[in-house]
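Please read the structure below before turning to the comments.
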Amino acid sequence: MSLLSRLKTTLARARDGFAAVRALGREARPLDSSFWEYLEDTLVAADFGVPTTEKIVRGLKTVATQEAWSTGDQAVARFRKDVERFLTVSNAELNLDGTPAVVLVVGVNGSGKTTTIGKLAQRLRDRRKRVMLVAGDTFRAAAAEQLAILAERTGSELVRGAEGADPAAVAFDGIKAGKARGVDVILVDTAGRLQTKSNLMEELKKIRRVIERELGAPPTETLLVLDGTAGQNAISQARLFHEATPLTGAVVTKLDSTAKGGVLVAIVEELEIPIKLVGVGEGPEDLRLFEPRAFIEALFDESPVS
């Protein structure tokens, strides 16, 4: 199934949220103050967030004046093009260059981080990549056990330490083992640390330093896994993680749940990092490369979901 078809099915909540915008696009409504207020309210409700919404509407008003628009359908048509163009950023492809490529995966508890690692491992194994999983979450025995199950299920190798071991030391062991065994990609799990806990963020910085020392370069990718249903809270998570360890991209999960969609735009706007992968279901095949055009088409498509 194409990503567009999958997104039309899974973005039911987001599509409902965009129904009002789609309706505006069908109407020759005057571009008066009530139109702009209604558009702002609709975008905020769709999780674009106030700062991103204000920037979008401000830009549309400027173009409306420059091009002498008279009706709302013109503004909505431009909005659709602008959002797609905005989401189409450089460095959006998943970078797996390097021998080995090291992907540091961060995120809070419940975001779907470890599950995402398993899906990504399966995706890479399907492409005949040799994969190693590193159990850097040593605070919870269950986390390492889950990763061990995923390693066995996907045919990946595994490095783990004792419960309570120094996560940076486990990362060090993983990089050493991966280089010695000639693996293609090393996926490093980390604790689902609360973004407000400064000591845990310092530990994340330490893990990054260890990886950089062993590779002679930063991690090939540092991916933040975000729960798409978290709304604007995901932005505060992303900002603080970005400060602790510069992110190269985000993975947005649970788009098949109650996610509203606009948060993806807010992430790109506020952090200037690309959305690299999206989770649109429970199966391994439901971790997909993010395609802005398919995402926008799914939100604006008027045809019923089959």
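No lab work stands behind these numbers, since they all come straight from the coordinates. Just so it is clear, the structure is predicted and the values come from calculations on it, not from any experiment. Cβ: placed from backbone, ideal geometry, glycine included. Neighbour counts: every protein chain shown.
Full extension of the chain between D126 and E163 gives 10.2 nm of extra length, using 0.36 nm per residue less the Cα-Cα distance. This model, with +1 at the C-beta of Lys and Arg and -1 at the C-beta of Asp and Glu, gives region 101-289 a dipole about its Cα centre of some 380 debye. Between helix 167-181 and the chain there is an angle of about 80 degrees, using the helix long axis and the longest principal axis of the Cα atoms.
Entry note, the chain: relative contact order of 27 percent, from Cα contacts under 8 Å with a spacing of 6+ residues. Working from Cα positions, state the angle (0 to 90°, nearest 10) between the long axis of helix 113-126 and the longest principal axis of the chain. Here the helix axis deviates by roughly 80 degrees. Region 223-242 and region 34-85 have Cα centres spaced 24 Å apart. Quick one: net charge of T62's neighbours, Cβ under 14 Å, K/R +1, D/E -1? Value of the local net charge: +1. Taking amide H atoms as placed 1.01 Å from N in the peptide plane, the amide H of D184 lies under 5 Å from those of R130, V131, each 5 or more residues away in sequence or on another chain.
Shown is the FRET efficiency for K206 and D16, computed with R0 = 51 Å from the Cβ-Cβ distance and rounded to the nearest 0.05: 0.70. Note on region 3-87: with charges restricted to the Cβ of Lys and Arg (+1) and Asp and Glu (-1), its dipole about the Cα centre is near 440 debye. With each label modelled as a point 7 angstrom along the Cα→C-beta vector, the E93-R293 pair spans 1.6 nm. You can think of it this way: the chain between E272 and R58 has 75.1 nm of extra reach, that is 0.36 nm per residue less the Cα-Cα gap. Can you give the local net charge around N95? Use residues other than it whose beta-carbon is closer than 14 angstrom to its beta-carbon, Lys and Arg +1, Asp and Glu -1. That works out to -2. Legend: calculated FRET efficiency, A142 to S236, from the Cβ-Cβ distance at R0 = 25 Å, rounded to 0.05, equals 0.40. FRET efficiency for the pair R85 and E282, taken as 1/(1 + (r/R0)^6) with r the Cβ-Cβ distance and R0 = 45 Å, rounds to 0.90. Each of G59, L133, A238 was scored by the projection of its Cα onto the charge dipole of the chain, and the greatest displacement toward the positive side belongs to L133; charges sit on the C-beta of Lys, Arg, Asp and Glu.
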